[in-house]
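One structure is given here, and the rest of the page talks about it.
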Amino acid sequence: MIGTSVQEDLQEIRSELESSSFEDQNCLVTGGAGFLGSWLCDIFLLAGAKVCCIDNLSSGSLENINHLKRNKHFTIRRVDVTNHSEPREKFHYILHLASRVSPEDYQEHPIETLLTNSTGTKDMLELARKNDSVLLYTSSSEIYGNSEIIPTPETYYGYVNPIGSRSCYDEGKRFGEALCIAYYKTYGLDVRITRIFNSYGPRMRADGAYARAIPRFISQGLASQDITVYGNGSQTRSFCYVTDTITAIVKTLQTLSMKGEVVNIGNPEETSILTLAQQILSLTKSNSRITFHPRPQDDPQRRCPDMSRAKKKLKWEPRVTLEQGLQKTISWFRDYS
Ligand SMILES: NC(=O)c1ccc[n+]([C@@H]2O[C@H](COP(=O)([O-])OP(=O)(O)OC[C@H]3O[C@@H](n4cnc5c(N)ncnc54)[C@H](O)[C@@H]3O)[C@@H](O)[C@H]2O)c1
């Protein structure tokens, strides 16, 4: 789906990246039919690259990339990253995003989530080694677990329950990171790791187990349904609008000193979940009620990135405020959901 607002946002990213060119570069995007992956497919194609998307459509949707169907520089393979035949073309860049992401969804598929981030990551690293590609792995703020240091810097080791209900994702991502660094140290492979903190925007799913807080609250608000907050809503998150996230991911790929490095990508504006729900209620002009439900196990109390490294190395800071990003996202949900 590519409405006018997404097109404007893509142009915004292009100008932030000062129209960087990926002319004639081959890019592989795993998870390319998902939320962030589909934005990356768009941005690389606009920058002149040829893009191959690998996706098993477990949480992604063809609707996110339908508009690319006729683009001769775009191909999609509906396969699993843990079980696929090796592509014939050589890739200059591999962006490895494939993973289940929503807590409810990955808790229903813990083994698959662990394998996607372990054997799936190994397969992509092997492919990168054969192709001499640059590989970017999308890790997560979840590797920090219930962080004791806020804002959280990349040097924090994490406070994770290795056998808790979220461990398939948290430990899967931790293993994925460790494997990337092992390939860097053993083979000198050019790997880069982004730890993403709660990104949001158009093309996120709002249905069932796939829904994360922002799309869930927006769709509930627009449908005049109860807005369902877990716990008392005092837990915080820091939400980063998709244009900022995508700009930072591409900058990570382009910054020479990011080889073998990890960087937080997020917006340090920390908001409680209750405040978020109230803000969405007011922006959607909804008459929904906010209702409170049991808090899931190991749900982190606070999330806020220390952005010093991104600022210094990528020369990047998020630009879109939560209110601006929510307005854009709400208007997309009004038009397309
Ligand atoms: N969006 C965020 O806030 C956020 C935060 C932290 C980390 N990340 C990371 O960024 C990446 C993309 O997240 P997203 O928000 O776009 O999620 P998403 O669910 O929209 O996209 C993930 C995509 O991966 C695909 N996929 C899952 N398992 C696969 C497999 N085994 N083989 C092939 N395809 C598979 C899904 O079908 C989906 O299209 C993920 O790795 C996620 O862990 C995202």
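Here GLU148 fulfils each of the conditions (1) under 18 Å from GLN107 (Cα atoms); (2) out of contact with any helix residue (DSSP H, G or I) (no Cβ under 8 Å at 6 or more places or on another chain) apart from (1).
Of everything listed in (1) in contact with a helix residue (DSSP H, G or I) (Cβ under 8 Å, 6 or more places away or on another chain); (2) open to solvent by 50 Å² or more (accessible area, probe 1.4 Å); (3) not aliphatic (A, V, I, L, M), the single unmet condition for ARG88 is (1). Screening TYR183 with (1) open to solvent by 10 Å² or more (accessible area, probe 1.4 Å); (2) in contact with a strand residue (DSSP E or B) (Cβ under 7 Å, 6 or more places away or on another chain); (3) in contact (Cβ under 8 Å) with a residue 60 or more places away in the chain gives one miss only, at (3). Residues in the range 214-231 that are more than 10 Å from the ligand (Cβ to nearest atom) and open to solvent by less than 10 Å² (accessible area, probe 1.4 Å): PRO215, PHE217, ILE218, GLY221, ILE227, VAL229.
In the set ASN71, ASN56, ASN66, which member is near the ligand (Cβ under 7 Å from one of its atoms) and closer than 30 Å to GLU8 by Cα? Break it down stepwise before answering.
Working: ASN71 fails: near the ligand (Cβ under 7 Å from one of its atoms); ASN66 fails: near the ligand (Cβ under 7 Å from one of its atoms).
When all the criteria are applied, what remains is ASN56.
Per-residue answers, yes or no, for (1) among the charged types (D, E, K, R); (2) surrounded by 18 or more Cβ atoms within 10 Å (Cβ to Cβ); (3) at pLDDT 95 or above:
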| site | (1), (2), (3) |
| --- | --- |
| THR30 | no, yes, yes |
| ASN71 | no, no, yes |
| VAL79 | no, no, yes |
| ASN83 | no, no, no |
| TYR106 | no, yes, yes |
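Here is a check on your reading of the model: is THR245 within 11 Å of the ligand (Cβ to nearest atom) and either touching a residue at least 24 places away in the same chain (Cβ under 8 Å) or open to solvent by less than 20 Å² (accessible area, probe 1.4 Å) (or both)? Here the answer is yes, as THR245 does meet what is asked.
Residues are listed down the side, and each one gets a yes or a no for (1) of a type in the set (Asp, Glu); (2) under 17 Å from TRP332 (Cβ atoms):
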| position | (1), (2) |
| --- | --- |
| GLN11 | no, yes |
| GLU16 | yes, no |
| SER19 | no, no |
| CYS27 | no, no |
| ALA49 | no, no |
| ASN56 | no, no |
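Do you know which of the residues in the range 186-213 that are without any contact (Cβ under 8 Å) to a residue 40 or more places away in the chain and more than 30 Å from GLU63 (Cβ to Cβ) is least open to solvent (accessible area, probe 1.4 Å)? The qualifying residue least open to solvent (accessible area, probe 1.4 Å) is GLY188. Taking strands (runs of 3 or more DSSP E) as the structural unit, those lying wholly within the range 234-295 and holding at least 2 residues that are farther than 26 Å from CYS41 by Cβ correspond to 236-238, 270-272, 290-293. Only one entry of LEU127, LEU136, LEU114 meets the criterion of being in a strand (DSSP E or B), hydrophobic (A, V, I, L, M, F, W, C) and either more than 10 Å from the ligand (Cβ to nearest atom) or open to solvent by less than 60 Å² (accessible area, probe 1.4 Å) (or both), and that entry is LEU136. Being more than 6 Å from the ligand (Cβ to nearest atom) and surrounded by 24 or more Cβ atoms within 10 Å (Cβ to Cβ) is the filter; apply it to the range 95-104 and report the residue that is farthest from SER59 (Cα to Cα). Ranking the candidates gives LEU95 first.
The residues in the range 139-158 that are within 30 Å of ASP123 (Cβ to Cβ) and open to solvent by 60 Å² or more (accessible area, probe 1.4 Å) can be counted, and the count is 2. Flag set for ASN26, criterion: open to solvent by 20 Å² or more (accessible area, probe 1.4 Å) and either of a type in the set (Lys, Arg) or away from the ligand (no atom under 13 Å from the Cβ) (or both). Per the conditions (1) open to solvent by 30 Å² or more (accessible area, probe 1.4 Å); (2) small (Gly, Ala, Ser); (3) within 13 Å of the ligand (Cβ to nearest atom), the sole criterion not satisfied by ALA178 is (3).
The values are calculated or read from the model by the stated rules, or taken from the named source; none is laboratory data. Since this is a predicted model, take the numbers as computed values, not measurements. Note: ideal-geometry Cβ built from the backbone for every residue, glycine included; neighbour counts use all protein chains shown. When the accessible area is computed, the model is the full protein with side chains, heavy atoms only, and any ligands, DNA or RNA have been set aside. Shrake-Rupley method; radii C 1.70, N 1.55, O 1.52, S 1.80 Å.
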